[in-house]
Amino acid sequence: ELALTKRLMASLNNISTLLISSELGSFDERLSRTLAVIASALDIDAVSIWQIDYDDDNERYSVMLYQWLDSGMPKNTSTVRLIKKVYREEYERWFESMCKNKPFSIGIDTSKVDKEFLEQQGLFSLYSLPIHIDGTLWGYLELGDAKELSVFNEQQVSLLKMYAQLITLSIRERMKLKEK
C-alpha cells in the first residue's frame, strides 16, 4: 500500500508539472507515460482527461485532451463524446454528480451510457472524477477497466480526488500563463 501511494504521489506531481509546462491539449509523451504509471498502480486499462464544452446549440459534449491505453499510446487523440449519443436522464445524473464534486462509476452491464464508446475502446467500466475550475465543472478525469467495474478502496479514492485537485490547479495555472 505504501509503495502504491508513493508511486501515485510521484505521478501526481509529474502530471501537474507537465500540464503547466505543456500547451493544454497538445500531445506530450511524458504526460502519457505518467498516466500509464497511474493505470499500472491501480491495475486499470485506461486513464484520460476530458474537457466539457458546449456547441452553438448549447449542447454539452466532451473532448479528450490526454489519454493512455494499455493497448498503446495514441498520438493526439481528439475523441469527442457527444451528449446526444447518450441517454439523457443517465447523462443528467452523471452531470449532476460531477457538479456536486462526486465520483461517478458506470459499467457496461449496468448502464446504457456510452455503451458504444465502451465497446469501441474495449472497456468494461468507467470511473469519472470531476475537475472544477473557478467553481464550475471544467472536465473530468476518467479511469477505465476492460475486466470489471472499477471499484477503488477509500485510500485510492482519496488519492484520486487529490489527483483531480492537482490537475485542476495545473490547468488553472496553464490558463493564467495563456492570458499573460
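Does Ser111 qualify as being more than 26 Å from Asn153 (Cα to Cα), at pLDDT below 70 and either part of a loop (DSSP other than H, G, I, E, B) or small (Gly, Ala, Ser) (or both)? Break it down stepwise before answering.
Working: more than 26 Å from Asn153 (Cα to Cα): no; at pLDDT below 70: yes; either part of a loop (DSSP other than H, G, I, E, B) or small (Gly, Ala, Ser) (or both): yes.
In short, no.
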*Does the stretch 39-65 hold any residues that are open to solvent by less than 20 Å² (accessible area, probe 1.4 Å) and either aromatic (Phe, Trp, Tyr) or free of Cβ contacts under 8 Å to residues at least 12 places away in the same chain (or both), and which are they?*
Trp50
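Given the options Glu142, Glu179, name the one that is exposed (fewer than 15 other Cβ atoms within 10 Å of the Cβ) and either among the acidic types (Asp, Glu) or under 20 Å from Leu65 (Cβ atoms) (or both).
On the way: Glu142 fails: exposed (fewer than 15 other Cβ atoms within 10 Å of the Cβ).
None of the others qualify; the one that does is Glu179.
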*From the options Gln155, Gln165, residue that is in a helix (DSSP H, G or I) and under 15 Å from Ala41 (Cβ atoms)*: Gln155
*Unmet requirement for Ser48, which otherwise passes all of (1) modelled with pLDDT of 75 or more; (2) more than 19 Å from Leu166 (Cα to Cα)*: (2)
*Out of (1) open to solvent by 20 Å² or more (accessible area, probe 1.4 Å); (2) at pLDDT 80 or above, what's the single condition that is false for Asp70?*
(2)
*When you go through Arg33, Arg93 one by one, which is the residue that is at pLDDT below 75, surrounded by 12 or more Cβ atoms within 10 Å (Cβ to Cβ) and outside any loop (DSSP other than H, G, I, E, B)?*
Arg33
_Tell me yes or no: at least one residue of the stretch 106-124 is open to solvent by less than 20 Å² (accessible area, probe 1.4 Å) and under 27 Å from Met175 (Cβ atoms)._
no
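Among the residues of the stretch 125-136, how many are assigned to a strand (DSSP E or B) and open to solvent by 30 Å² or more (accessible area, probe 1.4 Å)?
Residues of the stretch 125-136 assigned to a strand (DSSP E or B): 125-133, 136.
Now restrict to residues that are open to solvent by 30 Å² or more (accessible area, probe 1.4 Å): 132, 136.
The number of residues fulfilling the criteria is 2.
The values are calculated or read from the model by the stated rules, or taken from the named source; none is laboratory data. This structure is a prediction, so every number in the text was calculated from the model and none was measured. All Cβ positions, glycine included, derive from the backbone under ideal geometry; neighbour counts span all protein chains shown. Heads up: the accessible areas ignore ligands, DNA and RNA and are worked out on the full protein's heavy atoms, side chains in. Shrake-Rupley method; radii C 1.70, N 1.55, O 1.52, S 1.80 Å.
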